[in-house]
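Structure record follows, encoded as structure tokens.
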Amino acid sequence: MNVDHRFTQTQKQYAADDLETMSEAKRYQAHVFDLLRPYIGSSVLEVGCGIGTTSLRLAEIADRLVCIEPNLNCVSRARAALDGNPKISLRICHLEECDRGELIQQRFDTIVCVNVLEHIEDDIQALTVFRELVAPTRGRVLIFVPAVQAAYGPLDAALGHHRRYSKPSLRAAFAAAGLELDTLRYTNPIGLLGWMYNAHISKTIEHTSGQLRLFEQLVAPWALPLDRLIPPPIGLSLFAVGRAPIAAA
């Protein structure tokens, strides 16, 4: 049965369970982080840390990491992974519930938002907040989101996705929020084929360990390195790097 978690996603265990399944995709997770790595600074805000899969990698590079996560089911698992790391502080709230003035004072040089922006109904407002929080001129906003609206299916709705993006739509969202784009690229075209199959043929509402193992063993070893060398013309996801304009300083 199809489910729609777009407006109830932070109350459900579904999100945490799905992130646990996705954490099994080690090569894919490493690929995503390799896209982020060149832009990660010393003071990082991670918006929507989930169960902490990306957080642990960020803390290996950053001097300080502030994580925000509103889903209590995810938080319980994130705490198990992150508690005890002196670099990391975890805040249990929505972004809009945070003390914006206090966050601005922290002068983050990097904001990381991986597979989260699509969950936010007003994505432009979220990007606008990112622009206000990131340090002008030197700060970077790193966004990783699902791509190709034609691939939207039951799994997207179950995950709480309000949309999937294209280069024009994500570029327009950045512009509306006052962020300048430095990088915008698709990634994982093979994964897009699998997602289209799930969206329009199998109509599944969950990631399965079997599908992930198939991707990890047969596709990831050759497709993901090639992806990093030659940016594909289309893909399952979009990666963007933005910054506050110099005038904002």
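Each value in this text was obtained by applying a stated rule to the coordinates, not by laboratory testing. Please read all numbers here as calculations on a predicted model, not as lab measurements. Here the Cβ is made from the backbone with ideal geometry for all residues, glycine too, and neighbour counts use every protein chain on show.
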Can you pull out the GluC sites (Glu not before Pro) in the stretch 72-181 whose DSSP state is coil and whose Cβ has at most 14 other Cβ atoms within 10 Å? 121
Scan the chain and hand back the longest stretch that contains none of the trypsin sites (Lys or Arg not before Pro) lying in DSSP loops with at most 13 other Cβ atoms within 10 Å. 1-106
May I ask what percent, to the nearest 5, of DSSP beta bridges between residues of the stretch 108-249 are antiparallel? 65 percent
For the chain, how many pairs of lysine residues have a Cα-Cα distance under 28 Å, where the two are 8 or more positions apart or belong to different chains? 6
With only helices counted (DSSP H, runs n ≥ 4, each -39500 (n - 2.57)), the per-residue ellipticity at 222 nm for the chain, to the nearest 500, works out to -11000 deg cm²/dmol
In terms of modelled amide H atoms, which long-range or inter-chain residues lie less than 5 Å from the amide H of residue 179? none
Just check the stretch 10-118 against the gyration tensor rule for me: Cα atoms, a ≥ b ≥ c as the square roots of the eigenvalues, rounded for a/c under 1.5, and otherwise prolate or oblate depending on whether a/b exceeds b/c. oblate
Of 74, 93, 49, the most mobile residue in a GNM of the chain (C-alpha springs, cutoff 10 Å) is 93
When the C-alpha atoms of the stretch 9-248 are aligned to their principal axes, what extent does each axis show, in angstrom, from largest down? 48, 37, 30
Between residue 102 and residue 185, what FRET efficiency comes out of the Förster formula 1/(1 + (r/R0)^6) with R0 = 35 Å and r the beta carbon distance, rounded to 0.05? 0.55
With a Förster radius of 25 Å, plug the Cβ-Cβ distance of residue 122 and residue 202 into 1/(1 + (r/R0)^6) and report the FRET value to the nearest 0.05. 0.20
